[in-house]
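Trainee: There's a structure below that I have some questions on.
Each reported figure results from applying straightforward, stated rules to the coordinates on display, with no laboratory input. Quick caveat, the model's predicted, so the values are computed rather than measured. A quick note on method: Cβ atoms are made from the backbone with ideal geometry, for glycine too, and the neighbour counts reach across all protein chains shown.
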Amino acid sequence: MVEQLFERTFGRSPEARAYAPGRIEFIGNHTDYNGGCALGAAVDRGITVAIATRSDGECHFVSESMTGEVVAALDNVTPLANPFAWVNYPLGVIHVMRQEGLPVERGMDLAVASSLPAGAGMSSSAAFELATAYGLAALNGFDVDRKKMVQVCRRAENEFVGMPCGILDQGTSAFGAPDHLVHVDCLTETFTRVPMPTSCHLWIFNSNKKHSLVDSKYSERHRECSEAFETLRRAEPKAACLAHVSPSTVRAQQRELGEVRFKRALHITEENVRVKEAVEALTNGRLKVLGALLTASHQSSRTLFENSCAELDYLVERLTDLPGVYGARLTGGGFGGAVMAL
Ligand code: GLA
């Protein structure tokens, strides 16, 4: 219990408590930072923070799953290295909120507890950022709309943590609702709820192969996509982003792109089309079509985006062989983490 951790550590009661859920990426793999669309689902597990102000300008952090207390000065917030790097998520939020002129003027004690598996690709980091942001708003008595919260938390992750993620995780956590998926248009930053058919369930399987996004190939994929778009925008000048380029243009530019950038761009542009088709299938209740899109998404991640691994492929293969499974795919950044099945 986060309150008990707080009381045990700081010897007093918290003044505010806030919660944000983790998420499953339903479909739309790496489309978000390429300006495309994605569908996510908030889950019934997440991150809870308990928080209270301090008068000495210090920020103290304690976590149920880490040993020791980490201290930072509010007026000199800089990213910390391991083993303290977990504190960069709330520190980043504090930093960006202050840059935005939001009144975080006093230090704080913060305790955090999680019911999400760490490193499984269920966005414990986005949930930690959002729970911190909600907690700071409650503590300091300001009201910020949800979209702004999402933007602040994404900036914390991009600019402070140093992970060039898109807006899917924060958007899904903030706009998720029971029995609904969240459709995220990442170019316009528009979040819309799409009802989930009641005759099926989402399952999540942790491969237990840890993925570490900042250290992993995520940044490399991000760069390859930007480079591919540099080439493709000359062929399709009206496209505002890589996800909006048509797959036929990508095929026509294969030679100019070179093998690796061609594969990355084909994945992004076709995946964006799959997201649109998935919304149609959901709206029409066509679960078989939907399942086939999910499995096609995984195959594209495996062969074109090359962000799967043997453990994830094994799970997808076993799952799609089972009766009652419509489709399965890796969920989130890849290179480890989890598989979801419908
Ligand atoms: C991670 C990132 C997201 C998104 C997914 C891949 O979860 O945090 O922004 O890019 O990977 O779709």
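Trainee: Find all pairs meeting these conditions: Cβ atoms under 7 angstrom apart; at least six residues apart or on different chains; first residue within the range 97-113 and farther than 25 Å from Gly68 by Cα; second residue not in a loop (DSSP other than H, G, I, E, B).
Mentor: As it stands, the answer is Met97/Leu136; Met97/Val152; Glu100/Val152; Pro103/Asn140, since those pairs meet every condition given.
Trainee: Another one. Among Val77, Val93, which is β-branched (Val, Ile, Thr) and either within 16 Å of the ligand (Cβ to nearest atom) or in contact with an Asp or Glu (Cβ under 6 Å, 6 or more places away or on another chain) (or both)?
Mentor: The unique qualifying residue is Val93.
Trainee: Restricting the range 179-212 to residues that are of a type in the set (Lys, Arg) and out of contact with any helix residue (DSSP H, G or I) (no Cβ under 6 Å at 6 or more places or on another chain), which is farthest from Cys165 (Cα to Cα)?
Mentor: Within the range 179-212, the match that is farthest from Cys165 (Cα to Cα) is Arg193.
Trainee: Right, something else. Would the range 74-97 turn up any residue that is crowded, with 22+ Cβ neighbours inside 10 Å, on the phi > 0 side of the Ramachandran plot and among the hydroxyl-bearing types (Ser, Thr, Tyr)?
Mentor: no
Trainee: Restricting attention to the range 182-207, which residues are part of a loop (DSSP other than H, G, I, E, B) and in contact (Cβ under 8 Å) with a residue 60 or more places away in the chain?
Mentor: If the condition is that a residue be part of a loop (DSSP other than H, G, I, E, B) and in contact (Cβ under 8 Å) with a residue 60 or more places away in the chain, then Cys186, Leu187, Met196, Pro197, Ser199, Cys200, His201, Leu202, Ser207 are the ones that fit.
The rows are residues; the columns are (1) assigned to a helix (DSSP H, G or I); (2) away from the ligand (no atom under 12 Å from the Cβ); (3) under 25 Å from Ile204 (Cβ atoms); (4) touching a residue at least 12 places away in the same chain (Cβ under 8 Å).
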| residue | (1), (2), (3), (4) |
| --- | --- |
| Gly135 | yes, yes, no, yes |
| Val144 | no, yes, no, yes |
| Lys148 | yes, yes, no, no |
| Gln170 | yes, no, yes, yes |
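Trainee: Looking at the structure I just gave you, is Ser219 over 14 Å from the mean Cα position of the chain (by Cα), without any contact (Cβ under 8 Å) to a residue 60 or more places away in the chain and within 16 Å of the ligand (Cβ to nearest atom)?
Mentor: Answer is yes for this residue.
Trainee: Same structure, new question: Name the one entry in Ala113, Ala85, Ala18, Ala38 that is hydrophobic (A, V, I, L, M, F, W, C) and within 15 Å of the ligand (Cβ to nearest atom).
Mentor: Among Ala113, Ala85, Ala18, Ala38, only Ala38 is hydrophobic (A, V, I, L, M, F, W, C) and within 15 Å of the ligand (Cβ to nearest atom).
Trainee: Can you find a residue that is touching a Phe, Trp or Tyr at 6+ places or on another chain (Cβ under 8 Å), more than 10 Å from the ligand (Cβ to nearest atom) and in a strand (DSSP E or B) anywhere in the range 156-167?
Mentor: Within the range 156-167, not a single residue is touching a Phe, Trp or Tyr at 6+ places or on another chain (Cβ under 8 Å), more than 10 Å from the ligand (Cβ to nearest atom) and in a strand (DSSP E or B).
Trainee: Here's a follow-up. Do we find that Asn158 is crowded, with 16+ Cβ neighbours inside 10 Å and without any contact (Cβ under 8 Å) to a residue 12 or more places away in the chain in this structure?
Mentor: Taking the combined requirement at face value, the residue satisfies it.
Trainee: So, in the range 172-181, exactly how many residues are surrounded by fewer than 16 Cβ atoms within 10 Å (Cβ to Cβ) and either assigned to a strand (DSSP E or B) or touching a His at 6+ places or on another chain (Cβ under 6 Å) (or both)?
Mentor: Residues meeting the conditions: 1.
Trainee: While we're looking at this one, here's another question. Hey, can you tell me all the residues within the range 308-342 that are closer than 19 Å to Ala118 by Cα, polar (S, T, N, Q) and either in a loop (DSSP other than H, G, I, E, B) or more than 12 Å from the ligand (Cβ to nearest atom) (or both)?
Mentor: Ser308
Trainee: Then there is this: Which of the residues belonging to the range 18-50 are over 30 Å from Ser297 (Cα atoms) and in contact with an Asp or Glu (Cβ under 7 Å, 6 or more places away or on another chain)?
Mentor: Within the range 18-50, just Ala50 meets the criteria.
Trainee: Turning to a different aspect of this structure: Would you tally the residues in the range 1-51 being of a type in the set (Phe, Trp, Tyr) and in a helix (DSSP H, G or I)?
Mentor: Count: 3.
Trainee: In the range 301-342, which residues are polar (S, T, N, Q) and closer than 23 Å to Thr172 by Cα? Talk me through it step by step, then tell me what you get.
Mentor: Our first condition is that a residue be polar (S, T, N, Q); within the range 301-342, this holds for 301, 303, 307-308, 320, 331.
Ser301, Asn307, Ser308, Thr331, listed by residue number.
Trainee: So, one more: Taking the range 193-216 as the region of interest, how many residues are in contact with a His (Cβ under 8 Å, 6 or more places away or on another chain) and surrounded by 15 or more Cβ atoms within 10 Å (Cβ to Cβ)?
Mentor: The qualifying residues number 2.
Trainee: Within the set of pairs 6+ apart or on separate chains, which have a first residue in the range 274-285 that is closer than 14 Å to Thr192 by Cα, a second that is in a loop (DSSP other than H, G, I, E, B) and hydrophobic (A, V, I, L, M, F, W, C), and C-beta atoms under 9 Å apart?
Mentor: Leu282/Met196
Trainee: Quickly run through the range 183-192 and pick out the residues that are more than 17 Å from Asp145 (Cα to Cα) and either touching a Leu at 6+ places or on another chain (Cβ under 9 Å) or exposed (fewer than 12 other Cβ atoms within 10 Å of the Cβ) (or both). Spell out the reasoning first.
Mentor: So the first thing to find is which residues in the range 183-192 are more than 17 Å from Asp145 (Cα to Cα), and the list is 183, 185-187.
Passing the criteria: His183, Cys186.
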